[in-house]
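First comes the structure, then the notes that go with it.
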């Protein structure tokens, strides 16, 4: 089995606001293996982006990573020790300088949703790609420029050499997203975090980008964490999937299992609520209500107020995120739902779904 | 007689809205210099015709910049059309001034995409819903209040929300408030511009279901604008696919999705990721970007990206040869075929280029006759590093000689699914049109 390159264990990130503490990421565990595309899905407010920012230690005031471990190929990106009174960062945790020089960009790159905000409008596109390559690899000058043009061509920019000197506004949205991918790939990172990279794009352009990512991933063996709310994109490209709800991962497993042997009611509800492009659906089954605030999450299982399967114990008992099955190749399928625990779920009465309209 | 007096009664299933030859060109530059030098027009919507029957949902679907929003706004006369006519309940909207049209607007309402910015944050929900009724002098104050509360109930909110402010609500709830406001004047037509695009998937389903239920109950007619083909399949009765200001294809929903006939629609449907890992397949991705609506391609506007461009008769090529020529054309246009020139300014011997071209694109030999001569000429230009000439040559001789460039296609064919008709703007159907 492929080597695990990133391991996130019980990660916790909080934001301190005037109206209270927001536990945006509350005990998240997942891993990424070499050459794998791992999906992180959920609705807005589920904590997907905060999770990936925490992995790269990009959380800013008033937010803070308050617990958990992030291990990247033996290096500690996040790690704490308990002094008895409080949690303090361990010595081996990488410093800010080490993160900047050795991790971000050259080991783990990130691509954001809005390419216009990620590119500097007053520098040429080619120049920005070249600079990125120079900063992260041991090449410079002419060689870096040649590499930049090559990367632009590889991601499908027509007339790459001629367009090297163009400015970002002269590119279409899809082309700009390609430039960001060229930038990320140009640094030969081991892992790319793609945060909703195709959400703002038209569907045919999205198709082009997904195709490109598949090709490049095969060629370079790069791993991806793909953040998205779109179950279609997940089905299309991910190998394994993490489904997030209100700061926690509620289900995790190989993509086929997630769609065809769904173990968490939230995942199931999410799949039943989306209109299908490939078939006519009589009636959609929406998930009732809206996601509650992470400031005061519901007791017990966080999904219980909206869960069609909720029963009495769900109000009190917090489900454990645990393995529920295993595929033939030994990949774990995990879920946090009382159905898989011995707490009297099956004997209990169903809860009325109470939602504020 | 005023416009409102001419409104005819339209029964369910009868034509409510008739659009014919509707065109909207924007001036791309309206500054002082444009006045002197003239400016080119952006052809946002060009000669579009269709009808909507009372009680039906028609969707305009297309990618950004295809003109779907402009079309909807032009239909409502929120934008003055450059040409063409719109008839609503028998009234020619284009014949009347904005002021004269105002009383008609109670019958035509609109919902916008962004539920954040389309509700006035300083007004209470009740006032927001009452505003259109007040503007059209409908009901007494007490009646309006009662009706607003009733409408809140109808869109599955609580009567008590009457006194709350928009910021207290989630995106989905705000879109329901928008619906309640649009319904307030009991309109016939509600134009919905990306009604659920800003909402989370689970909430989208709630709002879509509410829209369906309300239509069933009140017989509303919806004109839905959307880029989301899944949403459109769920909600629409008929779908018009737009590309660069033209309608590429228009058919009943089931027919369009199960039997798409326009290469653009096929590419679009092919591109949507299906939420099922077992239906991953090698999809045909559409190459290139949408061309500029300033000077759009002649004839069929999709022809510059079309994988099924019809082979020009004068070239006398076999289907295989034509495929090779197309590949070569694209490589030259996109300059993906780049020979290793020896130095900054020097060219290469023609032989080197032709050898490379033959190996890459015509392994069984270059076509004879005219096409062969053109390819020779293109190779000479490439050898001399005259890329612009090469590009112009392939475009002019291999693309613009096609029937696709010569005339705008408009055909109607019988539908396979159901017994309706199917409009498809593609010359591939020039022989089976009815």
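The values are calculated or read from the model by the stated rules, or taken from the named source; none is laboratory data. Given the structure is predicted, the values throughout are model-derived calculations rather than measurements. Using ideal geometry, Cβ is built from the backbone for each residue, glycine included, and neighbour counts are taken over all protein chains shown.
Looking across region A:284-309, the residues that are farther than 21 Å from residue B:209 by Cβ and at pLDDT 90 or above come down to A:297, A:298, A:299, A:300, A:301, A:302, A:304.
Residues in region A:142-161 that are within 9 Å of chain B (Cβ to nearest Cβ) and either part of a loop (DSSP other than H, G, I, E, B) or crowded, with 19+ Cβ neighbours inside 10 Å (or both): A:156, A:158, A:159, A:160.
When the residues of region A:306-345 are filtered to those that are assigned to a loop (DSSP other than H, G, I, E, B) and free of Cβ contacts under 8 Å to residues at least 24 places away in the same chain, the one that is surrounded by the fewest Cβ atoms within 10 Å (Cβ to Cβ) is A:328.
Is there a residue in region B:265-275 that is in contact with a strand residue (DSSP E or B) (Cβ under 7 Å, 6 or more places away or on another chain), part of a loop (DSSP other than H, G, I, E, B) and more than 8 Å from chain A (Cβ to nearest Cβ)? For region B:265-275, residues in contact with a strand residue (DSSP E or B) (Cβ under 7 Å, 6 or more places away or on another chain), part of a loop (DSSP other than H, G, I, E, B) and more than 8 Å from chain A (Cβ to nearest Cβ): absent. For a quick check of your reading: which strands (runs of 3 or more DSSP E) sit entirely within region A:190-268 and have at least 1 residues that are under 30 Å from residue A:345 (Cα atoms), out of contact with any helix residue (DSSP H, G or I) (no Cβ under 7 Å at 6 or more places or on another chain) and within 11 Å of chain B (Cβ to nearest Cβ)? Passing ranges, in order: A:248-254. Being more than 27 Å from residue A:115 (Cβ to Cβ), surrounded by fewer than 24 Cβ atoms within 10 Å (Cβ to Cβ) and in contact with a strand residue (DSSP E or B) (Cβ under 6 Å, 6 or more places away or on another chain) is not true of residue A:251.
Looking only at region A:290-305, decide whether some residue is surrounded by fewer than 16 Cβ atoms within 10 Å (Cβ to Cβ) and within 12 Å of another protein chain (Cβ to nearest Cβ). Yes, some residue in region A:290-305 is surrounded by fewer than 16 Cβ atoms within 10 Å (Cβ to Cβ) and within 12 Å of another protein chain (Cβ to nearest Cβ).
Residues of region B:242-263 that are touching a strand residue (DSSP E or B) at 6+ places or on another chain (Cβ under 8 Å), within 12 Å of another protein chain (Cβ to nearest Cβ) and part of a strand (DSSP E or B): B:252 alone. All of B:212, B:233 fail the test of being within 9 Å of chain A (Cβ to nearest Cβ) and buried (at least 24 other Cβ atoms within 10 Å of the Cβ), apart from B:233.
Of all residues in region B:304-325, those that are part of a helix (DSSP H, G or I) have Cβ atoms under 6 Å from Cβ atoms of residues that are surrounded by fewer than 17 Cβ atoms within 10 Å (Cβ to Cβ), 6 or more apart or on another chain, in B:315/B:370. Looking only at region A:25-75, residues that are part of a loop (DSSP other than H, G, I, E, B), buried (at least 17 other Cβ atoms within 10 Å of the Cβ) and at positive phi come to 5 in all. Among the residues making up region A:1-16, none is part of a strand (DSSP E or B) and at pLDDT below 90.
The set of residues in region B:155-170 being buried (at least 18 other Cβ atoms within 10 Å of the Cβ), within 12 Å of chain A (Cβ to nearest Cβ) and outside any loop (DSSP other than H, G, I, E, B) consists of B:161 alone.
For residue B:366, indicate whether it is more than 33 Å from the chain's Cα centre (by Cα) and surrounded by 12 or more Cβ atoms within 10 Å (Cβ to Cβ). Yes: the conditions hold for residue B:366.
For region A:286-301, the count of residues that are over 21 Å from residue A:246 (Cβ atoms) and in a loop (DSSP other than H, G, I, E, B) is zero.
Selection of first residues in region B:92-112 that are farther than 19 Å from residue B:19 by Cα and of second residues that are in a strand (DSSP E or B), restricted to Cβ pairs under 8 Å at least 6 apart or on distinct chains, gives the following pairs, ordered by first then second residue: B:111/B:190; B:111/B:191; B:111/B:192; B:111/B:193; B:112/B:193.
The C-beta contact set for region B:196-207 (first residue within 7 Å of chain A (Cβ to nearest Cβ) and in contact (Cβ under 8 Å) with a residue 24 or more places away in the chain, second residue surrounded by fewer than 24 Cβ atoms within 10 Å (Cβ to Cβ) and not in a helix (DSSP H, G or I), distance under 6 angstrom, 6+ apart or interchain) comprises B:200/A:43; B:200/A:44; B:206/A:286. Of note, residue A:97 does not satisfy the criterion of being more than 30 Å from residue B:275 (Cβ to Cβ), outside any helix (DSSP H, G or I) and modelled with pLDDT of 90 or more. Of the helices (runs of 4 or more DSSP H) lying entirely inside region B:369-434, those containing at least 1 residues that are free of Cβ contacts under 8 Å to residues at least 12 places away in the same chain and exposed (fewer than 15 other Cβ atoms within 10 Å of the Cβ) span B:369-383, B:387-394. Put simply, of B:44, B:59 the only residue that is closer than 25 Å to residue B:231 by Cβ, within 14 Å of another protein chain (Cβ to nearest Cβ) and part of a strand (DSSP E or B) is B:59.
Once region A:210-232 is narrowed to residues that are surrounded by fewer than 23 Cβ atoms within 10 Å (Cβ to Cβ) and within 19 Å of residue B:269 (Cβ to Cβ), the residue that is modelled with the lowest pLDDT is A:211. From the list A:126, A:74, A:84, A:63, exactly one residue is closer than 29 Å to residue A:16 by Cβ and at pLDDT 90 or above. Which is it? Criteria check complete, one pass: A:63.
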